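Below you'll find the structure, written out as structure tokens, and then a few comments.
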Amino acid sequence: MFRYFGLLFLASCHSSPLYKHTSEDDNTVDSQDLITVNDIFISVKTSGKFHQSRLSPILDTWFTLAPSSTWIFSDTSDPDVTRRTEGHLIKTECPSDHSRTSLCCKMEAELTTFLTSDRSWFCHLDDDNYLNVPALVKMLSSYSHKEEWYLGKASISAPLEMLDRSMLPEERKVSFLFGTGGAGFCLSRPLVERMGELVNNFAMTGDTIRLPDDVTVGYIAEVLMGVPLTQVETLHSHLEPLRRVDRDMLGEQITLSYSTYEDGEKNLVGLEEMDLEKDPTTFYTIHCELFPDRAENCEKDS
């Protein structure tokens, strides 16, 4: 038994199969379904207190590869961010804390804004994610955007079991997986469109079943829509040991992150000679490693 954002879940011993993406050969996609970055709605959730420490490194690095495809969702107006993103900062009316209500409020804003666009894919990221944009495009091109897909990476090894309170007074036990928001996840447009009113009332759904935003997405997709989580192993969150991702593997990974363990040890990608005083997020180092000819301020070998 474990606690997730204050809600107790039981991990079922009778886990359903994990749907894993292992190669582009797993799905046959017609050439007309191949996409570009302009077909993706990349959504970054943040808060005003992190605009400088977390958001600024994003805007300096991977955002430069997809500026017209990336939207920033925050609880605070920021003229500098608005200027740097050319108007892609969306100020929500959500609280600035990290409560379930605030998280679900922002996710509702992200999904409803996506539906006003003409993009084929919705991809959510947190503000502690580095995104390898070409790797994301390559991965999504191996799935048909005309079908219903829920792509992500679970941070637990077995589905969650919970009593579904959405049908009170009757309660039923349900079991499902969810793609952790800290690794990033993507939804195809047909799936989000079929969610319908559940998108417009996303925050209410989260409050009703007492789940945070990423788990609520999993509940809606797997339980209510019947679309299983397809796991993408090249998505990474701060919840996993990141040192396993070394220089040789870096180019294949889609998302990366960073964190500090309780004992003070850093949880970082396995790159050597990183200057954490200058680059505490590691994003500049990663960006220079992946895109040395396009990134600015990279130290070149003489």
Among Leu103, Ser155, Leu136, flag the residue with its Cα farthest along the positive direction of the charge dipole of the stretch 34-166, charges on Cβ as +1 for Lys/Arg and -1 for Asp/Glu. Leu136
Any residue on another chain or 5+ positions along whose placed amide H is under 5 Å from the amide H of Asp164 is listed here as Arg172, Lys173, Val174
With charges set only on the Cβ (+1 for Lys and Arg, -1 for Asp and Glu), what does the dipole of the stretch 207-296 come to about its Cα centre, in debye to the nearest 20? 280 debye
Probe 1.4 Å, protein heavy atoms only - accessible area per residue of the stretch 95-142 in square angstrom: 31 Å²
Need the C-alpha centroid separation for the stretch 226-257 versus the stretch 263-286, integer Å. 17 Å
Listed residues Asp118, Asp214 arranged by accessible area, highest first, probe 1.4 Å: Asp118, Asp214
Theoretical ellipticity at 222 nm over the chain - DSSP helices of four or more residues, -39500 (n - 2.57) apiece, nearest 500: -6000 deg cm²/dmol
Where Rh is the Kirkwood radius over Cα pairs, Rg/Rh for the stretch 135-280: 1.04
Carbon and sulfur atoms account, in whole percent of the 1.4 Å probe accessible area of the stretch 96-172, for 51 percent
Pairs of Cα atoms under 8 Å, at least six residues apart: use those to get the relative contact order of the chain, whole percent. 21 percent
Counting Lys and Arg as +1 and Asp and Glu as -1, each charge on the Cβ, what is the dipole of the chain about the Cα centre in debye, to the nearest 20? 680 debye
Mean-square fluctuation check for the chain, GNM, Cα pairs under 10 Å: which of Tyr284, Tyr150, Tyr261 is largest? Tyr261
Size of the stretch 80-156 as Cα extents on the principal axes (Å, biggest first): 37, 35, 25
Would you mind listing how long the chain runs along its three principal axes, going by Cα atoms, in whole Å with the largest first? 69, 43, 42
Considering the dipole of the chain built from charges on the beta carbon (Lys and Arg +1, Asp and Glu -1) around the Cα centre, which of His124, Phe202, Ile286 is farthest to its positive end? Phe202
Using a 1.4 Å probe on the protein heavy atoms, what percent of the accessible area of the stretch 174-290 belongs to carbon and sulfur? 48 percent
Taking only Cα atoms and a 10 Å spring cutoff, compute GNM fluctuations for the chain and point out the largest among Ser257, Ser117, Ser68. Ser117
Can you give the translational diffusion coefficient of the stretch 256-302 in µm²/s, computed by Stokes-Einstein from the Kirkwood radius over Cα pairs at 4 °C and 1.567 mPa s? 111 µm²/s
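For the stretch 160-259, with every protein chain kept in place, what is the accessible area per residue (1.4 Å probe, Å²)?
Per residue, the stretch 160-259 has an accessible area of 39 Å².
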Near the amide H of Asn267, under 5 Å away, which other amide H atoms are found, from residues 5 or more places off or on another chain, if H is placed in the peptide plane? Ser259, Thr260, Tyr261
Checking Leu151, Leu224, Leu55 against a Gaussian network model of the chain (alpha-carbon springs below 10 Å), the top fluctuating residue turns out to be Leu224
Cα-based helix-to-principal-axis angle, 100-115 vs the chain, degrees rounded to 10: 80 degrees
With +1 at each Lys and Arg Cβ and -1 at each Asp and Glu Cβ, the charge dipole magnitude of the stretch 159-231 around its Cα centre, to the nearest 20 debye, comes out at 100 debye
Given bins 5 angstrom wide, list per bin the percent of all Cα-Cα distances in the stretch 234-273, short to long. 6, 25, 34, 22, 9, 4, 0
Integer Hz, Karplus 6.51/-1.76/1.60 couplings in order for the stretch 197-214, x for Gly and Pro: 5, 5, 6, 5, 10, 4, 4, 5, 5, x, 5, 5, 9, 6, 10, x, 4, 5
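The values are calculated or read from the model by the stated rules, or taken from the named source; none is laboratory data. Predicted, not measured: the structure shown is a model, and the values here were computed from it. Ideal geometry is used to build each Cβ from the backbone, glycine not excepted, and the neighbour counts take in all protein chains shown. Accessible surface areas use protein heavy atoms only, side chains included; no ligands, DNA or RNA. Shrake-Rupley method; radii C 1.70, N 1.55, O 1.52, S 1.80 Å.
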